[in-house]
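Encoded as structure tokens, the structure appears first; notes follow it.
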Amino acid sequence: MPNLTPSERRTIRYATVGLAIYLTLFAGWQACRWLGRQRADYLRLVAQGRQLKVAVQPFADRAAVVKKLMDEFHFDPAALARNSVVADASAAIQKAAQGGGLQPGPIRESAGRAANKELATIQFEGTGQVAAVMGFLQRLPTLGFPVLVDSVQISGDPMRPGQMKLNLTIKVLDFEQWKTPEASHA
Amino acid sequence: MREWLNSPPVFMELGRRSLKARREGAGLEVPLERGADGKITAVSRDLAVARLQAFLGRKRWQPAVRAVCGLGVQGVSLRRMTVPTAAKGELEGVLRLQIEAEFPLSPDSLAWGWRELADDAAKCEVLVAAVRREVVEEYAALLAAAGMNPEFTLSALARNALTPSPDAAQLLLEAGAEGLELVSFSGGLPLAVRVLPLTGPVEKTVTDLAAGTVYLSGPAAETISARLAGRADCRRLAVPDGEGNSAATAGLEKIVAAGLPFLRLQTRTEPARLAVKFSFQEHRPALLRVAGLLALLLLLPYGEALLFRPLVARKIAAFQAEQARFTAVVDPELNFLQSLKQTQPPYLDALYVLAQSAPPGLHLDSLSLNQRGEISLKASLQNGQQVTDFRTKLIASGFFGAPTVEEQTPTPDRQKVNFRMSAEWKPAGFRPVLKVEMPAAGTNQPNPNLP
């Protein structure tokens, strides 16, 4: 290594110091920008979290409404088996009729219209006293199945005074069709 | 950084004819010319300032360089004083009073300093050194002009620090071109001072003062050593060669390097306690704490972002997944159940209103209701007025909208009127909420109006 004069040494020293300052400032600037980006991302995430918090606040109310309705109708739609819901509903209707003092007559089942989100239609005929008919009509929605009484026909029985003939058209609804987005907004 | 800003000190020996300076191995000797009044001439002063500035190489923005200066003993008075023990802050005031009493000049006209020799409960023994204030101020002005911050002490004290055992009883003899300085030491402190011409009776004085080894220094040390041969144990102080080197500068360098206390000669124009001085070393812990807190304050938001960003991102992702799952499960159920509830036809309500509105004697043949709210009724009553009343009551109930008697036919025997009526219940929200009155227990009898 050649011997350097004091002037050359001083020049090299100044150049080294200048280069070090430049590199420090450059690296510091880059580090500041990187840290600034990290903080901006973090603040954006925090704001997003706050928005989510506001958005999910009504969820508790919706869950409470669902629970109340399920308690009212005595069934959970998600727990229904699509294949057996018609058979189970028909059996429950007959059992409720008999249990309420209503004598079941002919029962006819037919496939429902998919456009109306129906699984099946049940035609039920029965005979009984006024109290039995009223009680049966009252119990129908709470049997634990998604049934909807489409029509009711009541007529007197000329052969048995005090008895009434009841003819019901009951629709069994298809919950599966409500899971699609367009059905939800129907 | 501190070393860069606070450059190393300069060690100087200030004589009447010259000044010597040493700094980091480099040295300088500058002659001083004095006028008839004994003061340094302006030309000599400017020359000395210029040479000192070149020697220091100090930039304008750099702080003043500390200069530790040794003065010759000529004109210096040394006194041992015993004063009552006072609080540390009050000792200076007590000494001022004592100096006022014992010295021919007032303390304000002197540059003086002291060192405590002994201290007990009642009294305090102090060594006081004093010199005329003008002597010190002349040097101080010159050194300040050269960019230095001078502190003054006695060169003899610095030379004593160079001896092998500074606390021993010994005599220091500086043989300079201007004359001889003899200072006897005991316990590291000067006992007596003599200033003689080079040709003066040094042998007798040494014999009078010497209580031990005589240490010689200065350019005429060889000559004096020869004169004292056989009279005393003479030894030369080891001083390295080079410009600006002397026993005093070497001793000062040794004292400062070892951090030993030394007697400072100070002018008391202004009380020292009024001077505002900031010492980085003294406030270093507090400054470091403040700097740390500031750095923490600045970096904390960024540290928070770096530390918590992944955590928040994971939480939000989990939250969004839960939200999607909830929406997929609960929303269809809610819509389905709400639709089921809203579409439940009010059959029982309609039957209740019909039963409440029916006049006595109504014979119901058939009744038909459907989900769309259409009602068709076939029955018989005793006369047409009852049919009208029945319809009026149905209208008054507010439950049905415009009941229509489609057909009304008297029987051939005129005992009854057969009629067929149709109606439609109002949509939810437009029909009244019914208040059902429950029959009392045991009165669950069939309605006589119904077949």
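Each reported figure results from applying straightforward, stated rules to the coordinates on display, with no laboratory input. Model, not experiment: these values are computed from the prediction. All Cβ positions, glycine included, derive from the backbone under ideal geometry; neighbour counts span all protein chains shown.
Per residue of the stretch B:168-180, in order, report the coupling 6.51 cos²θ - 1.76 cosθ + 1.60 (Karplus, θ = phi - 60°) as ³J(HN,Hα) in whole Hz, putting x for Gly and Pro.
So the J values, rounded to whole Hz, are 6, 6, 7, 10, 10, 10, 9, 9, x, 5, 8, x, 10.
Whose amide H sits under 5 Å from the amide H of residue B:65, counting only residues 5 or more places off or on another chain, with H placed in the peptide plane?
It is B:148, B:149, by chain and number.
Just to confirm a number: summing +1 for Lys and Arg and -1 for Asp and Glu over residues other than residue A:158 whose beta-carbon lies under 12 angstrom from that of residue A:158, what do you get?
Surrounding charge for residue A:158 is 0.
Please go through the residue pairs A:117/A:165; A:68/A:179; A:179/B:341 and name each one whose alpha carbons sit more than 25 Å apart in this structure.
A:117/A:165
What list of whole percents do you get for P(r) of chain B, with Cα-Cα distances grouped in 20 Å bins up to the one holding the largest distance?
Calculated over all Cα pairs of chain B, the distribution is 17, 29, 9, 6, 6, 9, 15, 8, 1, 0 percent.
To make sure I understand, if each residue's beta carbon is the centre and we count other beta carbons within 10 Å, what order do B:366, A:90 fall in, fewest to most?
Ascending Cβ contact count within 10 Å gives the list B:366, A:90.
Given the alpha-carbon gyration tensor of chain A, what are the semi-axes of its equivalent ellipsoid in whole angstrom, ordered largest first, with each equal to the square root of 5 times an eigenvalue?
With the √(5λ) rule applied to chain A, the semi-axes are 84, 15, 11 Å.
Using just the Cα positions, wrap the protein assembly as shown in a convex hull and report its mean projected area in square nanometres, one decimal place.
62.6 nm²
Before anything else, pin down the relative contact order of the stretch B:249-382: Cα pairs under 8 Å, at least 6 apart, normalised by residue count, whole percent.
11 percent
Rank A:55, A:63, A:20 by mean-square fluctuation in a GNM of chain A with C-alpha springs under 10 angstrom and give only the top-ranked residue.
A:20
List the relative contact order of chain A as a percent without decimals, with contacts defined as Cα pairs under 8 Å and 6+ residues apart.
Computed over chain A, the figure is 18 percent.
Report, to the nearest 10°, how far helix B:247-258 tilts away from the longest principal axis of the Cα atoms in chain B, using its own Cα long axis and a range of 0 to 90°.
Taking the Cα atoms of chain B, the angle to B:247-258 is about 30 degrees.
By a straight-distance test (C-alpha under 23 Å), which lysines pair with residue B:59 as possible cross-link partners, with residues fewer than eight away in the same chain excluded?
Answer for residue B:59, where 23 Å is the Cα cut-off: B:20, B:277, listed by chain and number.
How much net charge surrounds residue B:387 when only the other residues with a Cβ under 13 Å from the Cβ of residue B:387 are counted, with Lys and Arg +1 and Asp and Glu -1?
+2
By count of other Cβ within 10 Å, fewest leading, how are B:233, B:365 ordered?
By the 10 Å Cβ count, ascending: B:233, B:365.
Taking neighbour Cβ counts within 10 Å as the exposure measure, how do A:154, A:107 sort from fewest upward?
Final ranking by Cβ density, sparse to dense: A:107, A:154.
Could you pull out every residue, at least 5 positions away or on a different chain, whose amide H is within less than 5 Å of the one on residue B:236? Hs are placed 1.01 Å off N in the peptide plane, and Pro or chain starts have none.
B:216
Would you tally the net charge around residue A:138, using a Cβ to Cβ cut-off of less than 14 Å, leaving residue A:138 out, and scoring K and R as +1, D and E as -1?
-1
What base-10 log of the normalised intensity I(q)/I(0) is obtained for the stretch A:1-73 from the Debye formula, alpha carbons as equal point scatterers, at q = 0.13, 0.22, 0.24 Å⁻¹?
Here log10 of I(q) over I(0) equals -0.70, -0.96, -1.01.
Give me the one-decimal nm value for the distance between modelled label points at residue A:34 and residue A:114, 7 Å along each residue's Cα-to-Cβ direction.
Label at residue A:34, label at residue A:114, 5.9 nm between them.
Over chain B, what relative contact order in percent results from Cα pairs under 8 Å that are six or more residues apart?
After rounding, I find 12 percent.
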